[in-house]
């Protein structure tokens, strides 16, 4: 039986073998703590394609969400034709997300607060209404008259007052009462920062009193089922109102599932979350809000709304406190969204004195340039190669991914996440691998893999790794212990990366030229995005992802967009500042630019590009 | 066959007779334009108890709402056992409501407005978002940055912009965008003023640009099915959450039916109504909002909320524009509600220099006293006798009701609304009738009907009208042309009125005493309420409804509460002023007052009371 293991492998299983046994035999990453006895519940895999019905063990160890998502215990799965298995999706937090856990607010002013008040009780000589009594006491304590509250809040006053002897906690946001709770709950106040990517969605749970990130969870955007990139999502949504609703529900459900996961994994309930910030590209932003995306992708490209927005969680159907304030960072244009604004706020050095460039690499790539006189942003059609998509053995930066490559004439040394046998290659591995291959002459600056018949420069160790694959010449990075489990880079893979990096490089040159400066005048070049932390400056320059510049000017940061969401969650002044950026940043359209087209043609070479 | 005709009559019908024929035979008010051919559709009656299924004629002439409410054409109804027939409910607008039609705003500043804007179109060099474009233009036109809008509004921007070449009308309220409409709709802006009485609900449709009342409709409060007065409604609501919801839905449905009726009778749709003001007693206020009423009727008597409130129509489930602002006038205490505040605003002379007393007579009775130094309000347990309830042949001031009575020794002259044969007596008829009966000696100052055997003062014409009824002695006001159709006042009816007017008189004396003034120091006494316009000062004084005072100080106004609702609808400053009254007016509890009890004992006499 052949079953597919992501990314892009066929694994041959033997008769009467469980999935776990097959994975172990192939040295693939699966947890085997109880040795298949079914007691530990750790050997989780996720199935798509043919999904076997849950076994008793599955039902005992997995929750509803996991079962729905196709998660099963490998020790009970009997391989079946059509199965597609994803390994190591559990704890699939990007390493970047985990890095967020170390964040701590420098300034803490989330704009929501809790106030404990002890109200007086009604008497024959004091027959004020319950709500009037609370408002009066609140006025005495805060010096402010709070007049706005939802009808639902008003309705709960009598019960709340009488539950704990007229002692209660009021949650406030500006001039609005968000919640009333009996007794003193002032020690608990939480927020959530959401990063809606085209491919995956991450939610950080934040303690708004301590200014710390408590937990980060992430998962695949359920919209992925309706298209891999924003263009296909827009096309799907344009099919009609019901289709647009489907996408809205899909992303809302993704976020709500993550919120539920947070509630399970921490002691914080959704109802205790009173503020949320959201970053996402313009399409994600519009689909979440149920806004018309039909004008996003046709010229002139216009969004429904760029300016920052705030709604109640109730209005947005998000399962936190119904009155929680949900803020969406503004968009800059149709293809430069709140995620870019988030990245700017998350890497605030780019707003400092001097000329600074920010490159946000994800499924899409956006560029932001700040000079002494202006701020500009654009998107480039880089495609998702940096995230491993469209690459034969490409994968996201998870366990089993090659994240670094060193080539010498004696052979190859690959760094694999988790230190185990590699199953694919992620963006940083791809970039370093290509740079190393070029350095030793496996490929030339045009990206062409050497013809082993004709080259004389390569050592026999490297020469034997060049072979003809199904789709042309390819280079074997690692030989797997099982047959067929090699990780290779094909001529086509290299071409994909050249297109992607060429678009970025040409975009940078165009933007710099439009700003009236030169590349050497840039004081810093910051790369952000899920995998950017693991990039090395010399690889970036050597393959010409960024025009040639002093390596020390290159900085890599993690998922700056999500960091920006957290920063704006923790400090309302950052939120205000972020909200103003949409007016201050000029949106540049590269699509029709002849300058860009010219630069693009010359940016495909794998060399330092001036 | 005997069927019931409201109020409180049994009509004997003959075999094969239609309801219309029976009514005509009994000289009862029914329209017979087409003489029963079924072509005019005017002979409408309303049935409760046994309701016959709609006939083809009914289906042809009546709308869904009417059919549901039990309205039928009398010409097709075959009398059945258990039928209870209400006549003349059609156009049942109180005469007071019609009086509202003459109202015109002295000052017009409703706080909502429409602005027409012509937006620019997107180009390759102006790719602002649709919403940003609208907001920018709006900012240019109004000089103000509108940032608040519901997600539903945001969602409709693309369509609205492209329907009429980027020309649109924006409806604004303070800093909020309420609505977007394609093209220029600035000539249409409407509001609704709602008076929620315990017994009936009235809605006035108001042109907010002209400052005129376009139409007033009213109907029975559907809550009536669950109790006749506030105490029984509270008891019903306290049965549990579902019961409270039932009452909330009943009053909401009543209002929404009236709004639908307005839409049918005018060319104004609900969606064009952007502001609503609501007056009602505290119980009506709480039940509409779904607030807990369990603390209203137990000491200490506390409401959930007295302060003024504003919600969106959407939040309240009212079927006008979803974003319309709905303002509820504040309550003063558990039994002095927004209807009293409305009456004060509707009769603003009571706030002028001097000492002024306002008496709001309805199903409940509230008193408001303003002196040079203070404002006080209280409710008295007057009961609904003034509205005709609890009186044998009592009815509201509709067609067929005796509204005025003149007694001489030669007999009686009754003024009947509609000038037809009387079917009952309304509040003003009751008060004048009792005063006249006392004047000629039919009753004494204790309210006792003379014993015809013992009296020598009465003329034979009057003497013969005193007779023994089922429940004791009674006086025949009018002899009907059909057997049994006399209108009488019984000893018990007179007693009910004595209790009611005694409570009012004692309340006035108590309040005046608490304010440290005397009755002669009052500069005016204003009576408001559905029937108050038709009261005569000398009757009021003669029966001791109000302590003895110069008759020229007594003023009667119509439904001042509804007038107040309209005034606050037309002028936001009046709304603000009304909102502040809840803090300025002291609420006085007569329940436990010994002073009140003493005065009450001495206020039952039918004479001028000092």
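Looking only at region A:575-588, residues that are touching a strand residue (DSSP E or B) at 6+ places or on another chain (Cβ under 8 Å) and surrounded by fewer than 19 Cβ atoms within 10 Å (Cβ to Cβ) come to 2 in all. Among the residues of region B:534-554, the ones that are surrounded by fewer than 19 Cβ atoms within 10 Å (Cβ to Cβ) and closer than 22 Å to residue B:417 by Cα come to 3 in all.
Among the residues in region A:517-531, are any within 23 Å of residue A:407 (Cα to Cα), part of a loop (DSSP other than H, G, I, E, B) and in contact with a helix residue (DSSP H, G or I) (Cβ under 8 Å, 6 or more places away or on another chain)?
Within region A:517-531 (the criterion being within 23 Å of residue A:407 (Cα to Cα), part of a loop (DSSP other than H, G, I, E, B) and in contact with a helix residue (DSSP H, G or I) (Cβ under 8 Å, 6 or more places away or on another chain)), the answer is yes, since at least one residue qualifies.
What number of residues within region B:377-414 satisfy the criterion of being more than 23 Å from the chain's Cα centre (by Cα) and on the phi < 0 side of the Ramachandran plot? Within region B:377-414, residues that are more than 23 Å from the chain's Cα centre (by Cα) and on the phi < 0 side of the Ramachandran plot number 9. Residue A:499 meets each of the listed conditions (1) within 25 Å of the chain's Cα centre (by Cα); (2) crowded, with 20+ Cβ neighbours inside 10 Å apart from (2).
Taking the condition of being out of contact with any helix residue (DSSP H, G or I) (no Cβ under 7 Å at 6 or more places or on another chain) and either within 7 Å of chain B (Cβ to nearest Cβ) or closer than 15 Å to residue A:235 by Cα (or both), how many residues in region A:286-315 meet it?
Qualifying residue count, region A:286-315: 6.
If you go through region A:249-286 and keep only what is part of a helix (DSSP H, G or I) and under 17 Å from residue A:379 (Cβ atoms), you end up with A:282, A:283, A:284, A:285, A:286. With respect to the conditions (1) more than 18 Å from residue B:294 (Cα to Cα); (2) under 18 Å from the mean Cα position of the chain (by Cα); (3) modelled with pLDDT of 95 or more, residue B:275 lacks only one, and its number is (2).
Report whether or not residue B:154 is at pLDDT 85 or above, within 14 Å of chain A (Cβ to nearest Cβ), touching a helix residue (DSSP H, G or I) at 6+ places or on another chain (Cβ under 7 Å) and buried (at least 16 other Cβ atoms within 10 Å of the Cβ). Yes. Picking from residues in region B:348-371 that are modelled with pLDDT under 95 and part of a loop (DSSP other than H, G, I, E, B), the one that is surrounded by the fewest Cβ atoms within 10 Å (Cβ to Cβ) is B:363.
Close Cβ contacts (under 8 Å, 6 or more residues apart or on different chains) running from residues in region B:122-134 that are within 8 Å of chain A (Cβ to nearest Cβ) to residues that are in a strand (DSSP E or B) comprise B:127/A:333; B:127/A:587.
Please verify whether region A:268-284 includes one or more residues that are buried (at least 24 other Cβ atoms within 10 Å of the Cβ), within 10 Å of chain B (Cβ to nearest Cβ) and out of contact with any strand residue (DSSP E or B) (no Cβ under 6 Å at 6 or more places or on another chain). For region A:268-284, residues buried (at least 24 other Cβ atoms within 10 Å of the Cβ), within 10 Å of chain B (Cβ to nearest Cβ) and out of contact with any strand residue (DSSP E or B) (no Cβ under 6 Å at 6 or more places or on another chain): present. In contact with a strand residue (DSSP E or B) (Cβ under 8 Å, 6 or more places away or on another chain) and surrounded by fewer than 21 Cβ atoms within 10 Å (Cβ to Cβ): is that true of residue B:518 in this structure? So residue B:518 does not fit the description; no.
Screening A:345, A:304, A:341 for residues that are buried (at least 24 other Cβ atoms within 10 Å of the Cβ) and either more than 22 Å from the chain's Cα centre (by Cα) or not in a helix (DSSP H, G or I) (or both) leaves exactly one candidate, A:304.
Here residue B:564 fulfils each of the conditions (1) part of a loop (DSSP other than H, G, I, E, B); (2) away from chain A (no Cβ under 13 Å); (3) closer than 25 Å to residue B:195 by Cα apart from (1).
Scan region A:406-444 for residues that are under 23 Å from residue A:382 (Cα atoms) and not in a helix (DSSP H, G or I) and jot them down.
A:424, A:425, A:426, A:443, A:444
When region B:135-145 is filtered for residues that are surrounded by fewer than 20 Cβ atoms within 10 Å (Cβ to Cβ) and within 11 Å of chain A (Cβ to nearest Cβ), the ones remaining, listed by number, are B:136, B:145.
Would you check if residue A:581 is at pLDDT 95 or above and within 14 Å of chain B (Cβ to nearest Cβ)?
yes
For region B:164-191, taking the residues that are in contact with a helix residue (DSSP H, G or I) (Cβ under 7 Å, 6 or more places away or on another chain) and farther than 17 Å from residue B:153 by Cβ, the one that is surrounded by the fewest Cβ atoms within 10 Å (Cβ to Cβ) is identified as B:188.
Is it true that residue B:86 is farther than 30 Å from residue B:211 by Cα, more than 14 Å from chain A (Cβ to nearest Cβ), modelled with pLDDT under 85 and touching a strand residue (DSSP E or B) at 6+ places or on another chain (Cβ under 8 Å)?
Yes, satisfied.
Scanning region B:335-345 turns up one or more residues that are at pLDDT below 95 and within 11 Å of chain A (Cβ to nearest Cβ). The residue of region A:227-236 that is surrounded by the fewest Cβ atoms within 10 Å (Cβ to Cβ), among those that are within 13 Å of residue A:251 (Cβ to Cβ) and modelled with pLDDT of 90 or more, is A:236. Please work out if residue B:322 is more than 7 Å from every other protein chain (Cβ to nearest Cβ), more than 23 Å from the chain's Cα centre (by Cα) and at pLDDT 95 or above. Yes: the conditions hold for residue B:322. Picking from residues in region A:104-116 that are surrounded by fewer than 19 Cβ atoms within 10 Å (Cβ to Cβ) and either in contact with a strand residue (DSSP E or B) (Cβ under 6 Å, 6 or more places away or on another chain) or in a strand (DSSP E or B) (or both), the one that is farthest from the other protein chains (Cβ to nearest Cβ) is A:104.
Can residue B:333 be described as surrounded by fewer than 24 Cβ atoms within 10 Å (Cβ to Cβ), more than 29 Å from residue B:273 (Cα to Cα) and in contact (Cβ under 8 Å) with a residue 12 or more places away in the chain?
Considered against the rule, which asks whether it is surrounded by fewer than 24 Cβ atoms within 10 Å (Cβ to Cβ), more than 29 Å from residue B:273 (Cα to Cα) and in contact (Cβ under 8 Å) with a residue 12 or more places away in the chain, residue B:333 comes out as no.
The values are calculated or read from the model by the stated rules, or taken from the named source; none is laboratory data. Owing to the predicted nature of the structure, the values given are computational and were not obtained by experimental measurement. Glycine also receives a Cβ, built like all others from the backbone with ideal geometry; neighbour counts cover every protein chain displayed.
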